Amino acid sequence: MKYFPVLRCLALITILGFFFLGEMAYGQSLQDIQNVKVDELSDAQVEQLIRRAEAAGMNERQLESMAREKGMPAVEISKLRQRIETLRSGGREEAGGYRGQRMPSQRNVEGLQYDQNIFDSLRKSDPYYDLSPKQKKIFGFTLFHNRELDFSPSLNLPTPQQYVLGAGDQLLVDVYGASQQSYDLTVNPEGRVFFPNVGPIDVGGSTVEVATNRIRNALRNIYSGLGGSNPNTFMQLRVGNIRTIQVTLAGELRRPGTYNLPSFSTAFNALYSAGGPNENGTFRNIQLYRDNQLVSEIDVYDFLVKGNQANNIVLRDNDVIIVGPVKTRVELEGPVRRAGLFEIKGNESLEDLLEFSGGFQSQAFKNMITVRRATAKEMKVENVYAEQFPDFPIQDGDVFRIGEILSRYENRVQVSGAVFRPGQFALNPGMMLSDLVKKAEGLRGDAFTGRATLYRTKENLTMEILSVDISGILDGSAEDIPLRREDILNIPSIYDIKEEYYVQISGEVNRTGVYQFGENMTVGDLILKSKGFKESATSSSIEIIRRVKGELTGKIAEVLNVNVNSNLEISEEDKAITLQPFDHVFVRKSPGFQREKIIKVEGEVFYPGEYALEKNNERISDVLRRAGGINQFAYPKGATLIRRTEFYDTPEEEVLKLRNLESLLQNLDRDTIVENAESEEQLLFRLKKRVELLQYERRKSEEENSEQRSFAEDRYSFLEGTDTSSVMDIAFREKELIGIDLERIISEPGSKYDLILEEGDVLSIPKELQTVRMRGEVLYPTTARYDEFRGFRNYISRAGGFTEEARRGRAYVIYANGDVKRTNRLLFFKFYPHIEPGAEIVVPRKKPRIPLPPQALIGMASSLVTLFILVDRFIGD
C-alpha cells in the first residue's frame, strides 16, 4: 500500500495534463476576451475572433461593448479596433464619394469622417448575413443594409442655385475681365463672409442665387466695371467644401440619434446612417420636421416600386426625422415575384399588395387567395376570389397564401418509340389512336407493327395497359381506339425486342474487332471490311466459330473451315458460306512466316553493330564469329550480356509497322521546288490513312495493357517496413546483366557457357579495365587503380575504411561481367571475395534501429510498477 500515494500523484498529473491540453485547444474565445493581448495575436487569430463575433450575431459596436463589459482594458480595445482596420485597409473603396481619402480635385465635407464597418473585409457571400430571417422578409428592410447602396450625395455636381448657405460653407469667388481677383471665404457662425476692402456680407440662410446677387452688389464699390449697362468685369460664385449639418432621427430606428451629415444629404442618407427602420418601424409614413413643422412625409414604397423620390428632400441643419410604429403589416406567401411582409395603408387593397410583390409567378393560381386572420377570440380562414381583390378589406396580421396550379395536363396525350416525331400532343375532342400516329408523322421503317402498347391512367390514378394491333388499326382491319387524357402510346422498334446483331474477326487482319452484321455477308466481305489481310496471314486456314442453340450433347460451338482468295476476289467457295449473327472469324498466321530478330554487338570487336539472328538456336560464338571476333584491346573477363526482362516494353508488331510507315512517310517529302509524282501523292494519301489507323490501334492497345505494371506492384505490397522503393526498382528493371565467361565461350563454342541469343540482346565487350570502385558505407567512396597484389580490405582502406553504419559481413563485389560474390563467414573468420579489374565493392548499410515510442515506455513502466506491487504484497503475505 505504500505505493498508492505515488500512483495517485501520477493519475493527478495525467488529468491536469489533459486539462491543460484542452485549454490550449480551446484557444482564444469570446468568453475570455478580457484576457486577450492584442499585440500577441496574429492576423489569422484576429480574423478568427471577428468570425466568432459574426457567428454570434454581433456587429462591431456590440463586440466592443461586450469586451468592455467583460473588463477588457480600453487600451486593448483601441488596439483591437486598429488591428481590424489594418486588415480591412486592403479592401474595396466605399461607394460614397465622401468616404476614404479626399482627392485634390474633389469637393470635401469639412469636419466629417465616416466609419466603415469593420466586418466589411470579412463579410460572407450573403450581403445581409447580419439580418434575421424576419428582417429579410420585411419589404424595404434590406434597402438600408445594402453595402452597395448608401444614397451618398454626389459632392462633385455643379453648385445648385437653390442650395441654402450656412456656417462652414466654403465660398470661392472669382472676379475676371478688366480686373482679376479670387477670394476663398468661409461662412462664419453668424452667417457672414468677410471681403477685404468691402467688409462683412450676410449670406447665411440665403440660396446661392441670392448670395451671388448680394455679393455682386457689394463688390461694385471696388470694381466699377462689375455692373452697369456695359460691364467689363464679371464675377462667379462657387461653393467649395460644404459644411456638415446635424440631423436628429428618432422613433423606431435601428440606431436612433443625432448624426453629422453633408449639407447635400437627403432624408434617405440620414435613414441609411441610422440603419433604417427597425422591425416595428414604418416604411410608409416617415415624417420630416423643420422648425417644428411637418415639411414632408416619406413613403419608401414609392421609391422601391415606382422609383419616385419626390419627398426625399435635401436636409437642413437641425431637421428632425420621426419613424413611427407600423400600423398594418401583412404577409404574402406563395408563387409571387417577391414574397414577404408588406406594410399597407388604410386605402390600399389586395391589388396594391400584389403590385408591391411584383405580381404572380407563372405557376400561381390566380383565381383565389386564401387568407388567415385573427378575430377577437380565434383564428379564421377566408377565401378571396379574383373579383374581390379590389374591395377586400385588409387587417393587420393577415397572412395571404397563394396556391399553385395543378401539376397535371387537361388535354395531353403522348407517343413514343418508332415514329418520326415522338412527343406530347394536344387531345382534341373525338381524337382516335390513328390520329395520334398521323400527328407523329407515321411509323418508321423499323417499327414493330405486330403489337403496340397503350398506357392509360384510370380515374383512380391506377395504370391500365392495352395491347394494340397497330398494323390492323392503320389498314382498317382492326377497330380504332378513342384516346383519353394522359394516354401514352408506345410503338417499339424491331431492334428493341431483339439482340443487336454483329460479327467479329480476330487474327491476322489489319483491323480486328466487332462489325455490323448484314444479310448475305460472307467471310470475304468481313475481311475486306477489316482492311484486308496482313502479310503474315494465311488465306487457306480460316475458321468460323458459330454459336449453337438447342444442343444438349455438350457441344459449345460449331467450327467451319473456309478458304478465301488471297486477293479477296469473289469466288464460288466464298459465296457458298454466308455469315450468321454472332459468328467469330479467326484468320491464322502463316506457319512459315518469321519476322527478323535483331541483336547488337558493341565494344572491342572488329565489326560492331546490329545483327539479325539467322536461326532460333544461334549462340554468342556464332554472332561473335560474324562480327570478326575480338580485337587485341578486348578484355574478355569483363564481357557482359544485356538481356531484356519481362518488364521491357517490347514494341508490338503494330508499333513496329507504325514506326516503319512513319519513316516512309517522312522520306517521301521533297523540297519545295520539285513536287511529288502522282504515284507518290497516292502513296502519301494511303500512308496517312494507314498511320492514323495504326495510331488508333496503338492507343487502344496501350489502354488494355496499362494494368500489367500495377498488377506486378501488388505482388510486392506485402513488403511493409522495408525499403520497397529499392525492391521495386530491382523488380521492374527492363534490362539486366547476365554474367558470361567469354574466354570459355571462345574456347568451347556450343558448350553450356555459350548461351543462345534472344531478340534485343546486347553483347558488350569492354577494353582492358584498370580500376576498382568502392561504394556504399565507406568513409570516402572513390575509384582506385587496380593492383593484383591488393585484396578486399586493402581497397576498403583506400576508401577511408568502413563507416559506423556499415554492415561488413554483407559486403559484396560486382565483377565487370555482371557476376556477384558476397563475403562468407566461418566461425569468427570472414572470407572476402577476390578483386579483379573493373570490379565494384559495395558495402550495405545496417538496418536502422527503431526506438521505443513514449507510449511503450510508459506501458513498460506501468507493468514494472504493477509487478513490484504484486511482489511486495506476496512478500508481505
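The values are calculated or read from the model by the stated rules, or taken from the named source; none is laboratory data. This structure is a prediction, so every number in the text was calculated from the model and none was measured. Neighbour counts are summed over all protein chains in view; Cβ atoms, including those assigned to glycine, are modelled from backbone coordinates with ideal geometry. Surface areas here come from the heavy atoms of the whole protein model, side chains and all, with no ligands, DNA or RNA. Shrake-Rupley method; radii C 1.70, N 1.55, O 1.52, S 1.80 Å.
In segment 773-830 the Cα-Cα distances spread across 10 Å bins starting at 0 as 20, 55, 24, 1 percent of all pairs. Here segment 732-877 is treated with +1 on each Lys and Arg Cβ and -1 on each Asp and Glu Cβ, and its dipole about the Cα centre works out to around 780 debye. The chymotrypsin sites (Phe, Trp or Tyr not before Pro) found in segment 770-861 that occupy coil by DSSP, while having at most 13 further C-beta atoms within 10 Å, are Phe789, Phe828. Which links in Lys600/Lys688; Lys688/Lys735; Lys137/Lys380 stretch past 27 Å when you go from one Cα to the other? Too far apart for the 27 Å limit: Lys600/Lys688; Lys688/Lys735. Dipole check for segment 272-419: with +1 at the C-beta of Lys and Arg, -1 at the C-beta of Asp and Glu, and the Cα centre as origin, the magnitude is about 440 Debye. For Lys846, the lysines whose Cα comes closer than 26 Å to its Cα, not counting residues fewer than 8 places off in the same chain, are Lys821, Lys830. In the context of the full protein assembly, Ile465 retains an accessible surface of approximately 110 Å², using a probe radius of 1.4 Å and ignoring ligands and nucleic acids. Measuring how big segment 242-389 is from its alpha-carbon positions, Rg and Dmax come out at 18.5, 58 Å.
Taking the centroid of alpha carbons for each part, segment 430-473 and segment 353-424 are 35 Å apart.
Assuming charge only on the beta carbon of Lys and Arg (+1) and of Asp and Glu (-1), the dipole of segment 780-848 about its Cα centre is about 420 debye to the nearest 20. Spin-label model, Lys846/Ser477: points 7 Å from Cα along the beta carbon direction are separated by 9.9 nm. Maximal additional length on extending the Glu410-Glu500 stretch stands at 28.4 nm, based on 0.36 nm per residue less the C-alpha distance. The relative contact order of segment 176-237 comes to 31 percent, based on Cα pairs under 8 Å that sit 6 or more residues apart. When Ser539, Ser296 are compared by accessible surface with a 1.4 Å probe, the order from highest to lowest is Ser539, Ser296. Computed from backbone phi with θ = phi - 60° and the Karplus coefficients 6.51, -1.76 and 1.60, the 3J(HN,Hα) list for segment 131-140 is 9, 6, x, 5, 5, 5, 7, 6, 5, x Hz; x is used for glycine and proline.
Which of the residue pairs Lys134/Lys366; Lys529/Lys589; Lys529/Lys555 have a Cα-Cα distance greater than 23 Å in the structure shown? The pairs that break the limit, which is 23 Å between Cα atoms, are Lys134/Lys366; Lys529/Lys555. The orientation-averaged shadow of the Cα convex hull for segment 464-550, equal to a quarter of the hull surface, comes to 10.6 nm². More than 22 angstrom separation, counting every C-alpha pair in segment 186-268; what % is that? So the pairs more than 22 Å apart make up 44 percent of the total in segment 186-268.
A full extension of the chain between Ile465 and Leu857 corresponds to an added length of 133.4 nm, given 0.36 nm per residue minus the alpha carbon distance. Rounded to the nearest 0.05, the FRET efficiency derived from the C-beta distance between Ala557 and Ser751 at R0 = 51 Å is 0.55.
When segment 176-313 is described by a simple charge dipole with +1 on each Lys and Arg Cβ and -1 on each Asp and Glu Cβ, the residue from Ser206, Gln293, Asn260 located farthest towards its positive end is Ser206. For the set Leu354, Leu552, Leu149, the ranking by accessible area, highest first and with no ligand, DNA or RNA atoms included, is Leu552, Leu149, Leu354 under a 1.4 Å probe.
A 1.4 Å probe, protein heavy atoms only, puts the accessible area of Ser362 near 100 Å². With only the Cα atoms considered, segment 579-622 has a convex hull volume of 118 Å³ per residue. Projected label points at Ser229 and Glu788, each 7 Å from Cα along the beta carbon direction, are separated by 13.9 nanometres. Scaled against the 2.2 N^0.38 Å expected of a compact globular protein of N residues, the Cα radius of gyration of segment 310-372 reads 1.53.
Only protein heavy atoms count here; on that basis, with a 1.4 Å probe, Asp469 has an accessible area of about 70 Å².
Largest first, the residues Met368, Met521 sort by 1.4 Å accessible area into Met368, Met521. Each label was represented as a point 7 Å from its Cα along the Cα-to-Cβ direction; for Phe389 and Glu758 these points are 8.8 nm apart.
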